[in-house]
Structure formats: C-alpha cells, structure tokens
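For reference, the structure is listed below as structure tokens.
FYI, it's all coordinate maths here, none of it is from the lab. Please read these numbers as outputs of a predicted model, since none were measured by experiment. In this analysis, Cβ positions are derived from the backbone assuming ideal geometry, glycine residues included, and neighbour counts consider all displayed protein chains.
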Amino acid sequence: MPRLTLTINNRSVSARRGESILSAARRSGSDIPTLCNLGGLIPAGACRVCLVEVAGYPRPVPACATRAEQGMVVTTDTERLTAARRMIVELLLAERNHSCAVCVMNQHCQLQDLAARLGIDHVRFAFISPLAGVDISHERFGIDHNRCILCRRCVRVCDEIEGAHTWDVDGRGAASRIICDLAQPWGTSATCTGCGKCVQACPTGALFEKDAPTKKATIDMERLSEWRRSRK
Amino acid sequence: MNVHDSHRADDRHRALERVMQQHRLRPDSLIEILHAAQRQFGWLDRDVLGLIAARLRLPPSLVYGVASFYHAFRLEPPGRHRCTVCTGTSCHLKGGSRLLQQLEQHFGIACGATAPDGSLTLENVRCLGACGLAPLIVIDDEACPHASFGPVVERLTASLDGEDTSP
C-alpha cells in the first residue's frame, strides 16, 4: 500500500494514501478534538472543531475531511485554532438549550467534555433559547431538539450503515432541524427500523433511550461499517 | 371536493407523472421534479413529496430536506394574494427592507408567512433584476415600481376587500 510522510506538530508521521489528517494525527499521538466525526462514517466536516493549520494554506482546514499529503506540515494546536474552537463551541452552546444538569448525557456528553477541555466557563454570545421541541412518539427512543448540535451523525449512521435514511435536515442555518421522514413524528415513521444506531451515534443527549433515563454510551461505528463493507 | 376539482387533481398528478417519466425517474432529477410539482400544485404538500420520494426511490426525509433547503419551494399553501418585496441591494438602499418591516407590522404577518385566514402571503426576494424601479414590490404578479408604504397598503387592502364581493 502506498505510504507517504508528513509532519504533524514537528513530528514525522507516516500515513496511507487517502488517509485523513485526523487519523494520521491520532496515530501519532496528537489529540485533535472532534464533534461531528465518528469512526466508520463518511466525514461531514460540519462542526469545524477539528480545524488544523497546514503550512502554505491561507485558512485552517478540517482535519477529518482533509487528506494527508506528502510533505504536508500540520500544526494542530495554535492560539488561533484554540480561539476558533472556543468560539465554535460557544456558538453551539448559545444556539440551543444545553442544560447539563437535567440532561441524560450529563458527564458522558462529548459537547460537555469538549467545553470543559477548552476551559469554557462562560459564553460571550446572546443565547437564542429557541423552543426547539421534543419528540417522544417513538416506542423506545426520543429526540430532544434542544440538545441537538446538528452534527448529522444520526443522519449519516442511518443512511450509511443502517441503510434506512430515516433522518435528514429540514431548513438551513440556525433554523435547521433534524427531521424524520416527511417532518413527521418519529413514532409514525415508515422507514425507521428501530435499530437505535442514531441514539448510539449522538454525541449529546439529543437522542436518547426512553427507559434508560440517566446514562447512555456513545460508540464508534467502525466495526459495523467494516462488517457492512465485507458483506458487500 | 366536487367532481370538477377531483378531475383537476387527477390531471395534475398525470402531468407530474409525465414529467417524472421524462426524467426516467432518475433520483438526480429531484429538483426539476420538485419544480414541476410546484408548478402543478402551487405548493408542495407532504402527500406530493411522499409520492415523489416513492416514484424516484428516494428516502422521504431526503426529499423533504431538499425541498425545505431551497427557498424556491413552498411547503405551506400560499395565500390568495401575494405581496413580494424586493430586498436586493438597490431596493434595500431605497428603503425596500424598511418597507417590508412596515408591511409586516401593518398586516401582522412575518416575512415568508401567510395570514391565518389565508388571504395574504408576504415574502421577500433578493433582486428581481429591475433595480431602476427600486424599491420594487410585486403584488399578485403585478409590479409596483418606486413603491411606498401608503399606496402599497391601499392597493393590497383593495385586493383583499375585492375578494369578498367576488364569487
């Protein structure tokens, strides 16, 4: 398999052709924060939390959706990047109603972890506080749009791995909402198989299991996607 | 629904089916087909979106997502009268956006919304390509060049009142 060499944080790293900067960096021990990335899913580049600097590029690029190239010089931790990441997470927190104390994912939430890691103890922006709504019409699961960060992991896992494509996104910008089929209650969906992968993929408490009100794990879909590829 | 209406609905469905067949039910022709459906029905209700999804073998959520992403598609029935305010650069500088705000307040409808009684839809558009006529307003496909608040309200009120007497 053709290999190439690049520099990440002053360290020489070997990568496969076609591999993302993110996965090469992780292997070399540079921990780039991510939110919308989930092993096994096609990168969306939606959250921009994994932005990195590449020498010669005018702007930071998302590490999850940028391929490693021969001779690239990547920096993953600069002041500019930290400031950008902080702003992104603050904007995410201001966009919906993230009340950790009453959330099923408290202390297991990737958004909460990231905010803690970036030392966010306040938000500079005005909270929008939308009445985003909750849908608990499904027999086993619920979706609380107030906690959704629109990372589209649920959309991608449902499309790419389960193959049902029950979820999609309605509208655009801050008014976007995750929708089920024709923007109908989850419980009335004709395409949902009730597999629960979206719940497993959700980084926050937006998708939750109804009878497990206090804890929920988030798992990578890497194994599942490998299994699916091998069956094709 | 009387017989006449149901015949017309059948015609519309037939026309939509014809367009879908012309595109050989290809999933990548979704946007053209949504345009054709909107031309037939005036707006896209969920039944039509579901029908298109089924015929093109696309997930319903994807069809709804595409239709809701583009401002060209309406997912709510339009009002009987339409008032479109241009808020492109020229019209904005000439007070188009302020005019839109005044109209929103006067009729109590947000931009893009329809009055609860279905009489009027207020919407904006980014440039109609007639910047010399700024600020431009279009009421029921009729242009009102160099529009100002007073005459526009008068014109709209007249058409809204007019519909009470018409059969």
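Listing for the model above:
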{"item": "Angle in degrees between helix B:149-165 and the longest Cα principal axis of chain B, rounded to the nearest 10", "result": "50"}
{"item": "Value of relative contact order over segment B:117-167, rounded to a whole percent, pairs C-alpha under 8 Å and six or more apart", "result": "25"}
{"item": "Within segment B:81-165: Cβ-based charge dipole about Cα centre, in debye rounded to nearest 20 (Lys, Arg +1; Asp, Glu -1)", "result": "540"}
{"item": "Segment A:22-52 versus segment A:91-112: alpha-carbon centroid distance in Å", "result": "20"}
{"item": "Overall Cα dimensions of segment A:1-140 - principal axes, largest extent first, Å", "result": "50, 38, 24"}
{"item": "For B:61-73, mean number of other protein chain Cβ atoms within 10 Å", "result": "6"}
{"item": "Order of B:CYS111, B:CYS86, B:CYS144 under a 10 Å beta carbon neighbour criterion, fewest first", "result": "B:CYS111, B:CYS144, B:CYS86"}
{"item": "Relative contact order of chain A, pairs being alpha-carbon contacts under 8 Å that are 6 or more residues apart, as %", "result": "19"}
{"item": "Degrees, to the nearest 10: B:3-22 long Cα axis against longest axis of chain B", "result": "70"}
{"item": "Residue-averaged 222 nm ellipticity for the protein assembly as shown, from DSSP H runs of 4+ at -39500 (n - 2.57), nearest 500", "result": "-10500 deg cm²/dmol"}
{"item": "Zero-based 20 Å bins, Cα pair distances in the protein assembly as shown, whole percents", "result": "21, 47, 29, 3, 0"}
{"item": "Least to most buried among B:LEU25, B:LEU51 (fewest other Cβ within 10 Å first)", "result": "B:LEU25, B:LEU51"}
{"item": "Per-residue Cβ neighbour rank within 10 angstrom, fewest leading, B:LEU16, A:LEU91", "result": "A:LEU91, B:LEU16"}
{"item": "Using alpha-carbon coordinates, inclination of helix B:96-107 to the longest axis of chain B, degrees", "result": "80"}
